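See below for the structure under consideration.
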Amino acid sequence: MVLLSHAQKQRLWAPIPLRTAIYEALLRKKKSLTDAELYKATKEVYGREVDFSEFMKELMKLEIEGLVHVFGEKKHRRRIELCEGEKKGRASPKWG
């Protein structure tokens, strides 16, 4: 029988998908955020520590699905905002 540490269990059993936490953080702020601001807000929604590279992968998936726009501002700084349809609540996300 294999026993998992608390940290290992936390990674396995997330209460909500990370993608959903990112999306909800943007919906709550209702404005564009830098990647650092969104990362901090996502950790608050998600309720646990998030690896930044994992956060960026999920953010890229949201951009590919057309739910968010990511704009490069400076060398290592991005601005993220919801697409227009998402701000008005017309489009529904496709999770899966």
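The values are calculated or read from the model by the stated rules, or taken from the named source; none is laboratory data. Model, not experiment: these values are computed from the prediction. For neighbour counting, all protein chains shown are included, and Cβ atoms are generated from backbone atoms with ideal geometry for every residue, glycine included.
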Go through region 37-50 and count every residue that is free of Cβ contacts under 8 Å to residues at least 24 places away in the same chain, closer than 22 Å to Lys74 by Cα and either of a type outside the set (Ser, Thr, Tyr) or loosely packed, with under 13 Cβ neighbours inside 10 Å (or both). 3
Region 63-86 residues that are under 14 Å from Leu38 (Cα atoms), paired with ones that are β-branched (Val, Ile, Thr) and not in a strand (DSSP E or B) (beta carbon under 9 Å, 6 or more apart): Val68/Ile22; Ile80/Ile22
Check on Arg48, in a loop (DSSP other than H, G, I, E, B), at pLDDT below 90 and of a type in the set (Lys, Arg): yes
When you scan region 62-78, do you find a residue that is in a helix (DSSP H, G or I), surrounded by 15 or more Cβ atoms within 10 Å (Cβ to Cβ) and at pLDDT 90 or above, even just one? yes
When you scan region 23-45, how many residues do you find that are assigned to a helix (DSSP H, G or I), more than 10 Å from the chain's Cα centre (by Cα) and aliphatic (A, V, I, L, M)? 2
Number of the condition not met by Ile16 [criteria: (1) hydrophobic (A, V, I, L, M, F, W, C); (2) modelled with pLDDT under 90; (3) part of a helix (DSSP H, G or I)]: (3)
